[in-house]
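FYI, it's all coordinate maths here, none of it is from the lab. These numbers come from a predicted model, not from an experiment. Here the Cβ positions follow ideal geometry from the backbone for every residue, glycine too, while neighbour counts run over all protein chains shown.
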């Protein structure tokens, strides 16, 4: 039986990879998962939720009864039942947008996100709306870290409270995460971000992905980005960043409130695939991407589910 499984696995993966197709979970023999030959890692993500805990009103002109973090929580719970190897991430702008923020600032939404089991988030421009004191308060109320690699908080009250990188393990897969934020000057009042120094996103990304892949030997490298999906001008964005990277496997984006039928699969600087995704705003959608790993070699196989759930 063991020989059959090994032969089955090698034949199946060889045919799929050489054929250029993405692995489809439903077509993979269950024996491969049962034997531990393959590890399935699910990445679910949100962005620009703007304190939308509840759905839009039933009489809302554009999104009647839709959206809301409470609804997404049920999706996450169901997905965790299907696969406990699940990462839940957010790409920034959790704050601002509903009366929940007016009354509770950022504390309430991070408490809800903590209950949902978020693994990490990054800092968007709206997190600065009430100054860095509110960001610190939210961090103190969250049981998940905020990651920002290109905001230097050394001379601010956030010094030591925001991670530049995160390394965690799911199902034996080592995952490295870094975060990139948009330039604050001209977008956020100077008093609100104080002495925060903005570091070049591309330079930062190349440094962080190399550290995570080469120094820490991460099997999967994820960028939480609040740069925006794309622009008509030359402003740095997810789609201009991705082709210049080498070790980043997935960019989870935010800021531009972009709805995608499915994520973009681009080529990095070495010609390897890099997935770029964004899930709208107001918790109207959640992104879900599946990665498959060979447990022995930790080789990544093509993603199967690359759609946004509404």
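Per-residue answers, yes or no, for (1) in contact with a helix residue (DSSP H, G or I) (Cβ under 6 Å, 6 or more places away or on another chain); (2) over 15 Å from residue 123 (Cα atoms); (3) buried (at least 22 other Cβ atoms within 10 Å of the Cβ); (4) touching a residue at least 40 places away in the same chain (Cβ under 8 Å):
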position: 180; (1), (2), (3), (4): yes, no, yes, yes
position: 184; (1), (2), (3), (4): yes, no, no, yes
position: 210; (1), (2), (3), (4): no, yes, no, no
position: 230; (1), (2), (3), (4): yes, yes, no, no
position: 239; (1), (2), (3), (4): no, yes, no, no
position: 246; (1), (2), (3), (4): no, yes, no, yes
position: 252; (1), (2), (3), (4): no, no, yes, yes
position: 262; (1), (2), (3), (4): no, yes, no, yes
(Q) Suppose we filter the range 136-164 for residues that are surrounded by 19 or more Cβ atoms within 10 Å (Cβ to Cβ) and within 30 Å of residue 294 (Cβ to Cβ); how many remain? (A) 4
Q. Could we say that residue 139 is under 21 Å from the mean Cα position of the chain (by Cα), closer than 25 Å to residue 250 by Cβ and not in a helix (DSSP H, G or I) here?
A. no
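Which one of 266, 284, 292 is over 19 Å from residue 150 (Cβ atoms) and touching a helix residue (DSSP H, G or I) at 6+ places or on another chain (Cβ under 7 Å)? Even if it seems obvious, please write down each step before you answer.
Working: 284 fails: touching a helix residue (DSSP H, G or I) at 6+ places or on another chain (Cβ under 7 Å); 292 fails: touching a helix residue (DSSP H, G or I) at 6+ places or on another chain (Cβ under 7 Å).
Of the residues listed, the single one that is over 19 Å from residue 150 (Cβ atoms) and touching a helix residue (DSSP H, G or I) at 6+ places or on another chain (Cβ under 7 Å) is 266.
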**Q.** residue 169, sole failed condition from (1) outside any loop (DSSP other than H, G, I, E, B); (2) surrounded by fewer than 20 Cβ atoms within 10 Å (Cβ to Cβ); (3) in contact (Cβ under 8 Å) with a residue 12 or more places away in the chain
**A.** (3)
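Looking only at the range 142-158, which residues are closer than 11 Å to residue 119 by Cα, under 14 Å from the mean Cα position of the chain (by Cα) and not in a strand (DSSP E or B)?
Scanning the range 142-158 gives 144, 145.
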Q: Please go through the range 152-165 and pick out each residue that is touching a helix residue (DSSP H, G or I) at 6+ places or on another chain (Cβ under 9 Å) and either farther than 14 Å from residue 136 by Cβ or free of Cβ contacts under 8 Å to residues at least 40 places away in the same chain (or both).
A: 157, 158, 161, 162, 164, 165
